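Inspection log for the structure reproduced underneath, given as structure tokens.
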Amino acid sequence: MILLDTDHISVLQWEGEAAERLRRRMADSTDDWLGITSITLEEQTRAAISRLGQSKTTHSQVKYYALLSSLFRFFSDWRVAPFDEAAATMFDALRAKKVTIGSCDLKIASTALVNDATLLTANTIDFEKVPGLRFESWLS
């Protein structure tokens, strides 16, 4: 199983050379399960909704509603690994071991660990703090 961190998903949402390289690597992958975590859904949706809330006029909200709609379309084809009871237990265990990274990143790591997945991320500084987590970047 391979799970993409939010940074890799963000690259895929923009056109460009980095997105094309990442798409090619994904297409060449022999892994039978390529997906995201429910935390990535939260992070991306929360950002769009936050922008909506900061908009001063209804007309300025139009582009953020369009962004929100595009997120639902984009993610409709993705497999999603949930943050479930096993992941929550792993999260608590990692916090008890004093793993000090952001909560969303730790939830993503916990989901990857309980699913025996490799996490694709450019955030190696934080994720190397998580014992047993397999990760790599396909952006370089």
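The values are calculated or read from the model by the stated rules, or taken from the named source; none is laboratory data. Remember, it's a predicted structure, so these values are computed and weren't measured experimentally. A quick note on method: Cβ atoms are made from the backbone with ideal geometry, for glycine too, and the neighbour counts reach across all protein chains shown.
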Considering only the range 1-44, state which residues are surrounded by 15 or more Cβ atoms within 10 Å (Cβ to Cβ) and among the β-branched types (Val, Ile, Thr). 2, 6, 9, 11, 36, 37, 39, 40
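State whether the residues of the range 36-49 include one that is outside any helix (DSSP H, G or I) and within 13 Å of residue 3 (Cβ to Cβ).
Within the range 36-49, one or more residues are outside any helix (DSSP H, G or I) and within 13 Å of residue 3 (Cβ to Cβ).
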Condition met for residue 83 (of a type outside the set (Val, Ile, Thr), under 27 Å from residue 19 (Cβ atoms) and surrounded by fewer than 15 Cβ atoms within 10 Å (Cβ to Cβ)): no
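Table: residues versus (1) in a helix (DSSP H, G or I); (2) farther than 17 Å from residue 4 by Cα; (3) modelled with pLDDT of 95 or more.
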site: 95; (1), (2), (3): yes, yes, yes
site: 98; (1), (2), (3): no, yes, yes
site: 101; (1), (2), (3): no, yes, yes
site: 104; (1), (2), (3): yes, no, yes
site: 109; (1), (2), (3): yes, no, yes
site: 112; (1), (2), (3): yes, no, yes
site: 131; (1), (2), (3): no, yes, yes
site: 135; (1), (2), (3): no, no, yes
site: 139; (1), (2), (3): no, no, no
State all residues of the range 86-114 that are buried (at least 19 other Cβ atoms within 10 Å of the Cβ) and either in contact with a strand residue (DSSP E or B) (Cβ under 6 Å, 6 or more places away or on another chain) or at positive phi (or both); if no residue qualifies, say none. 108, 111, 112
Condition first: without any contact (Cβ under 8 Å) to a residue 60 or more places away in the chain and not charged (D, E, K, R). Now tell me which residues in the range 13-32 satisfy that. 14, 16, 19, 27, 29, 30
Determine which single condition residue 122 fails, assuming it passes every other condition in (1) surrounded by 15 or more Cβ atoms within 10 Å (Cβ to Cβ); (2) hydrophobic (A, V, I, L, M, F, W, C); (3) assigned to a helix (DSSP H, G or I). (3)
Could you tell me whether residue 91 is in contact with a helix residue (DSSP H, G or I) (Cβ under 6 Å, 6 or more places away or on another chain) and not basic (Lys, Arg)? yes
The range 52-83 - residue that is outside any helix (DSSP H, G or I) and in contact (Cβ under 8 Å) with a residue 24 or more places away in the chain and, of those, farthest from residue 109 (Cα to Cα): 78
